[in-house]
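Take a look at the structure set out below.
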Amino acid sequence: MNPDLVPAIGSPNTLHSIDDDLLPKVPAVVVVDRREILCEALGKLNRPSPHEQIDDLGDGNFLCTLMLELPPHKSCTQVSAKRFSGFSTLSAADSVNKASDDALTYLESNGLITIDDFNSSAKRKLLCAKTFADLFEDKINVLQTNSERYKVLCEDIHAQIYDACAGASDCLSVRLNSTRSQIPDANRFAITYVGPVPPETALQKTGAMLASASAQLHDVLLAISKGT
């Protein structure tokens, strides 16, 4: 081609020759039928496809109602039916998609399903983090509840040992006294064995064992208090 005949860049004759790949583009929207995903999810849960009703409200408005049968989950501990609705001013199909979206969101938020889509890696990490956080929170709550129960039980046993020794301190060769305890809001009812070492009689042996048990119970109560 004669160089003199090559149009100047930017002239009207060259606009069509500019590489289209260099122009900014609007991303293509990939639409996935939500109802198909919902039906597949219900199939995984061994539940029937949703009962669907579409109402034409006139003036291009549509209302879709989906009735789902759901297995027991954290929001309902029994098999139950739940209604989901979707309203659209575009089309009946759009109202179905919106109702299905609502249903899928509910299933995911209640831990019944996880949708393995393009963003599933991030979703799985978030779900695992939340699951572990909930698990540890539950474990901590159980431990705190059990610790409180153990504390009450140990205090009760400690009080019974003290009362038993109080009525026979001379025979058991023990001394009873109340001292300040490291346990918050509590006094230490100390039981000290004052007989011969090793104990010579059966009652003295019993007194020594009760004094030792009392000290161990106090240590347990102290550990529980520090743990809570």
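Observations
- Qualifying residue in the stretch 81-89 (condition: surrounded by 15 or more Cβ atoms within 10 Å (Cβ to Cβ) and touching a residue at least 40 places away in the same chain (Cβ under 8 Å)): no
- The residue that is farthest from the chain's Cα centre (by Cα), among those in the stretch 204-218 that are surrounded by fewer than 16 Cβ atoms within 10 Å (Cβ to Cβ) and at pLDDT 85 or above, is 209.
- Contacts under 9 angstrom Cβ, first residue in the stretch 157-172 being assigned by TED's automatic domain parsing to the domain that holds residue 194 and assigned to a helix (DSSP H, G or I), partner among the hydroxyl-bearing types (Ser, Thr, Tyr) and surrounded by fewer than 15 Cβ atoms within 10 Å (Cβ to Cβ), 6 or more apart: 171/201
- Selection count where residues are over 28 Å from the mean Cα position of the chain (by Cα) and not hydroxyl-bearing (Ser, Thr, Tyr), scope the stretch 67-89: 2
- Enumeration of residues in the stretch 47-66 that are under 32 Å from the mean Cα position of the chain (by Cα) and either surrounded by fewer than 14 Cβ atoms within 10 Å (Cβ to Cβ) or over 23 Å from residue 110 (Cα atoms) (or both): 48, 51
- Residues in the stretch 48-69 that are closer than 16 Å to residue 35 by Cα and either in contact (Cβ under 8 Å) with a residue 40 or more places away in the chain or outside any strand (DSSP E or B) (or both): 48, 49, 50, 52, 54.
The values are calculated or read from the model by the stated rules, or taken from the named source; none is laboratory data. Remember, predicted model here, so these are calculated numbers, not experimental data. Glycine gets a Cβ as well: all are built from the backbone with ideal geometry, and neighbour counts include every protein chain shown.
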